[in-house]
Structures are given as C-alpha cells and as structure tokens.
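Data block below; observations after.
The values are calculated or read from the model by the stated rules, or taken from the named source; none is laboratory data. In this text, all values refer to a predicted model and were calculated from it rather than measured experimentally. For neighbour counting, all protein chains shown are included, and Cβ atoms are generated from backbone atoms with ideal geometry for every residue, glycine included. These accessible areas exclude ligands, DNA and RNA; they are computed on the full protein's heavy atoms, side chains included. Shrake-Rupley method; radii C 1.70, N 1.55, O 1.52, S 1.80 Å.
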Amino acid sequence: MKKKVLALLVPALLAAGTAQAAEIYKDDTNSINMMGWLGFAALNDGNDTAVVDNFSRIGFRFDRQEKNGWRSFAHTEWGINMVTSDDSLKYEGGQLGAEKSSDFLFNRLGYVGLAHDKWGSLTFGKQWGAYYDVAYTTDVLNVFTGYSVGAYTFGDGGLTGAGRADSAFVYRNSFGSLDIALQYAAKQNGDVALFDKDGMAIDDGSHISFDTSYGASLTYHFTDKFKVLAGFNRGDFEGRLAGVAVDDTNEILGVGAQYGSFYQYAPNREADGLYLGFNAHQSKQNELVAGQLYDSTGGEFLVAYQYDNGFVPSFLLSYQDLDTDENTAIKGQWTRQFAVLGLHYRYSNDTVMYAEAKLDFSEMDDKSFEALQDNNYAIGIRYFF
C-alpha cells in the first residue's frame, strides 16, 4: 500500500518543483502547504554574461480528506522573474527557453484532483503531462537542462501536452510494480515565440491551434531504486509559423530509465549515492528551429553522485538530430550535441550553490546555426522554502 501511495504522489511532487513544503495550516481534514525556491545565476552564453533568474517559483498545495477513502487536492504554482530580462543573452530550448519571460509573475501550474488508494488519481488543469514521466529522468540540473527531452516545444510544452500540459485531464494508477498514466488535453490556441538563425526574437504573429491531444506513460519498477519508462504524446495542429500556413501532426515516442533519486526532487530533498537517468525519443514536427518544425531524434544520459559531505558532481550528455531534406529550410546536417559538467554543493537541505558548464561539440553544415551552439557557463544559488 505504501508503494502505491508513493506512486500516486510522485507526479505531484515533480509538479511542485520540490518534494518539501512549508506547512501553513493543518487540521483533521484540511492542510495547506507552500513550496518553491528563489534562484539566481550568473550566466555566460559564449559572448556576454548577465545575472538571470534561475527558474524561481512559488506554489501552494491544498489537501482535503474526503469520505470513503477519497482525497481532494489543488495545486497552484507561479514562476517568479526576480531579475529584469536581459535580451542580449541568446539561448533557446530546454528549461532556459521555456522560462524566459519578462513578466514578474507567470503561470506554471494550476490543477485540481481526486485520489484514492485503490482507484488512482484524476487531475484537471495545467500540469505536467504523462510524457514528462519519461523526460524528467534527465531534466533535473539547475541551468543546462531539458534541451533534448522533447517536452518543451512552443515554450513550456503546454500546447502539445508533452511538458506542462494546458487544460489536461490525467489519470494515474498503480498495479503492483507497474504505474500507468493516461492523458487527454482539450483544444488549445496560443501564440508562438520564434527566433531567427541568429537567435533573435521574431514578432510576426505566429500562432498555433491544437485539436485535442493524447498521451500516456508506463513505468515499471524493478526495484525501489531502478525503473524503466515508456511514453508517447500526439496531437493535430494548424496555424501560421513565420508567415507560412501549417497543418500537421505533432507526436513523440520515447523510452527512459532511472536509478536512484536526484536530491532536489526527493522527499525532503534527501538523497545520497548514485543517480542515473536516461531517455531517448523520436518525434514528428516537434522541434522548432528558426521558425520551422522538424522531425527529430534525441536522447540524454545523466550520471550524478550525491556525497554525504554535500557535494554532487554530475555529467550529462545531450544529443538532438533534425531530419532535414531538400524541402526543409535547413539543408544538410543539424546535430546539436554537448556535455554538461556540474558541481552542486548542498550547504543544507534548503540552500544549494552550484556551477555548471555546457561544452558544445555540435555538427551543423550551416555554420551560422553551429555558431549559436557555443560553450556556456553558469554559477548560482537556490534558496528553497
């Protein structure tokens, strides 16, 4: 029973961005908790250096014990832009691109749900999609993270449903060692931020309309520490990108594996020893580069070791290859590949300092695109609450 309860709680913990919360109120029926962090980083994009916000956020979790073994809950979370946006820095993709905003507050998550130990959980609203179960396995570093997991198309993946899905219904349950997630996302419309081949923003009124989309994931636990995952997400869309009408299908199919827990997303942010994460995917019309969507193949591998003295060295390999031909805007090879060397220091469970370096070895026939894939460096701090 305890393993099943944990399986139902894990997606909520991921959604909160942290597995520890500050209790605001609690009685025999209701509880309210606050969670989140404030983070800053000095980021060098290969040309300039600026202090940027590091995915700061604040969220509230409301839980209520209902009758007949049911629980109801609600979760809200907002991103906080603690630093004025510096448009001179050029970065796209991953969480850096998804979180780039000039707004002081912006919506990250907002959903309500019901859960039962036997019948599973059903959630409604903006939440991490079923496919993100696969993508999460390597999307845990502090700065250079999420580039090749396939979840952040059109920003935060809200339109496609593979990332922070908009207007989604997600059902989760566990059957022994197997966890399942089924997702339905209602029709969505949204503006799309585009960037040219020099990495500069294009404001041309590009927009996308998605029909209903669907997703699912399966997770099999071989042991308490080791699990394998598979997932997919699919939806039809139409609209205009860079002045060109589009009408196609977006889909992604991926597999992953995970060993251990990464400390920032573990209960009470307590984890030690080895962490391994892996995911790989093939996708259709899921990578947006210079105003055009591409089919692609991607994958990431992460290894980290969490020492008792607080140090957490890590090493990430990231690979993304676009499917180009004579009909695409990009001709020839476009392969983004890089390594990330990281060193985090857990001064306490609530204060983390870190340094990360992105070392690029991309191969692209168009050197103007390759020039954007420069070495990047960052140092920063996160204060959890």
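Count, please, the residues in the stretch 46-76 that happen to be hydroxyl-bearing (Ser, Thr, Tyr) and touching a residue at least 40 places away in the same chain (Cβ under 8 Å). Walk me through it before giving the result.
Residues of the stretch 46-76 that are hydroxyl-bearing (Ser, Thr, Tyr), as a first pass: 49, 56, 72, 76.
Applying the additional criterion that residues be touching a residue at least 40 places away in the same chain (Cβ under 8 Å) yields 72.
Summing the residues that are hydroxyl-bearing (Ser, Thr, Tyr) and touching a residue at least 40 places away in the same chain (Cβ under 8 Å) in the stretch 46-76 gives 1.
Which of the residues spanning the stretch 359-385 are of a type outside the set (Gly, Ala, Ser), in a strand (DSSP E or B) and either open to solvent by 10 Å² or more (accessible area, probe 1.4 Å) or touching a Gly at 6+ places or on another chain (Cβ under 6 Å) (or both)? Outline the logic, then answer.
Here is the first cut: in the stretch 359-385, the ones of a type outside the set (Gly, Ala, Ser) are 359-361, 363-367, 369-370, 372-377, 379, 381-385.
Those still in the list that are in a strand (DSSP E or B) too: 359-360, 363-364, 376-377, 379, 381-384.
Answer for the stretch 359-385, where residues must be of a type outside the set (Gly, Ala, Ser), in a strand (DSSP E or B) and either open to solvent by 10 Å² or more (accessible area, probe 1.4 Å) or touching a Gly at 6+ places or on another chain (Cβ under 6 Å) (or both): LEU359, ASP360, GLU363, ASN376, TYR377, ILE379, ILE381, ARG382, TYR383.
Check off (1) touching a strand residue (DSSP E or B) at 6+ places or on another chain (Cβ under 8 Å); (2) within 30 Å of VAL244 (Cα to Cα); (3) modelled with pLDDT under 95 for ASP350 and give me the number that stays unchecked.
(2)
Which one of these does ASN349 not meet: (1) without any contact (Cβ under 8 Å) to a residue 60 or more places away in the chain; (2) more than 15 Å from TYR147 (Cα to Cα); (3) not charged (D, E, K, R)?
For ASN349, the exception is condition (1).
Of the residues that sit in the stretch 124-158 and are open to solvent by 20 Å² or more (accessible area, probe 1.4 Å) and of a type in the set (A, V, I, L, M, F, W, C), which one is farthest from GLY79 (Cα to Cα)?
PHE124
For the stretch 304-313, enumerate the residues that are out of contact with any Asp or Glu (no Cβ under 7 Å at 6 or more places or on another chain) and surrounded by 17 or more Cβ atoms within 10 Å (Cβ to Cβ). Working first, answer last.
Of the residues in the stretch 304-313, the ones out of contact with any Asp or Glu (no Cβ under 7 Å at 6 or more places or on another chain) are 304-305, 307, 309-313.
Those that are out of contact with any Asp or Glu (no Cβ under 7 Å at 6 or more places or on another chain) and surrounded by 17 or more Cβ atoms within 10 Å (Cβ to Cβ): ALA304, VAL312.
Run down PHE278, PHE301, PHE262 and say which single residue is crowded, with 22+ Cβ neighbours inside 10 Å, out of contact with any His (no Cβ under 9 Å at 6 or more places or on another chain), modelled with pLDDT of 95 or more and under 16 Å from VAL140 (Cβ atoms). Even if it seems obvious, please write down each step before you answer.
Numbers: PHE278 fails: crowded, with 22+ Cβ neighbours inside 10 Å; PHE301 fails: crowded, with 22+ Cβ neighbours inside 10 Å.
When all the criteria are applied, what remains is PHE262.
Restricting to the stretch 329-358, name every residue that is surrounded by 15 or more Cβ atoms within 10 Å (Cβ to Cβ) and among the basic types (Lys, Arg).
Those that are surrounded by 15 or more Cβ atoms within 10 Å (Cβ to Cβ) and among the basic types (Lys, Arg): ARG336, ARG346, LYS358.
Which residue out of GLY254, GLY291 is out of contact with any Ser or Thr (no Cβ under 7 Å at 6 or more places or on another chain) and buried (at least 23 other Cβ atoms within 10 Å of the Cβ)? Walk me through how you get there before you give the answer.
Values: GLY291 fails: buried (at least 23 other Cβ atoms within 10 Å of the Cβ).
Result: GLY254 is the single residue among GLY254, GLY291 that is out of contact with any Ser or Thr (no Cβ under 7 Å at 6 or more places or on another chain) and buried (at least 23 other Cβ atoms within 10 Å of the Cβ).
Got a number for residues in the stretch 229-255 being of a type in the set (A, V, I, L, M, F, W, C) and at pLDDT 95 or above?
To start, the set of residues in the stretch 229-255 that are of a type in the set (A, V, I, L, M, F, W, C) comprises 229-230, 232, 237, 241-242, 244-246, 252-253, 255.
Going one step further and asking which of them are at pLDDT 95 or above, we end up with 229-230, 232, 252-253, 255.
Qualifying residue count, the stretch 229-255: 6.
Assuming GLU251 fulfils every condition listed in (1) more than 30 Å from ALA21 (Cα to Cα); (2) part of a loop (DSSP other than H, G, I, E, B) apart from one, which condition is it?
GLU251 satisfies every listed condition except (2).
Which of the residues belonging to the stretch 276-335 are part of a strand (DSSP E or B), over 21 Å from ALA135 (Cβ atoms) and polar (S, T, N, Q)?
Within the stretch 276-335, GLN292, GLN306 meet the criteria.
In the set VAL112, VAL170, which member is aliphatic (A, V, I, L, M) and open to solvent by 20 Å² or more (accessible area, probe 1.4 Å)?
Working: VAL170 fails: open to solvent by 20 Å² or more (accessible area, probe 1.4 Å).
None of the other options fit; the residue is VAL112.
Is at least one residue of the stretch 75-84 open to solvent by less than 20 Å² (accessible area, probe 1.4 Å) and over 24 Å from ILE381 (Cβ atoms)?
yes
Looking at the stretch 206-226, is at least one residue modelled with pLDDT under 85 and assigned to a strand (DSSP E or B)? Before the answer, list the steps.
Looking only at the stretch 206-226, we keep the residues that are modelled with pLDDT under 85, and these are 206-208.
Then drop every residue that is not assigned to a strand (DSSP E or B), which leaves 207-208.
Scanning the stretch 206-226, I find at least one residue that is modelled with pLDDT under 85 and assigned to a strand (DSSP E or B), so the answer is yes.
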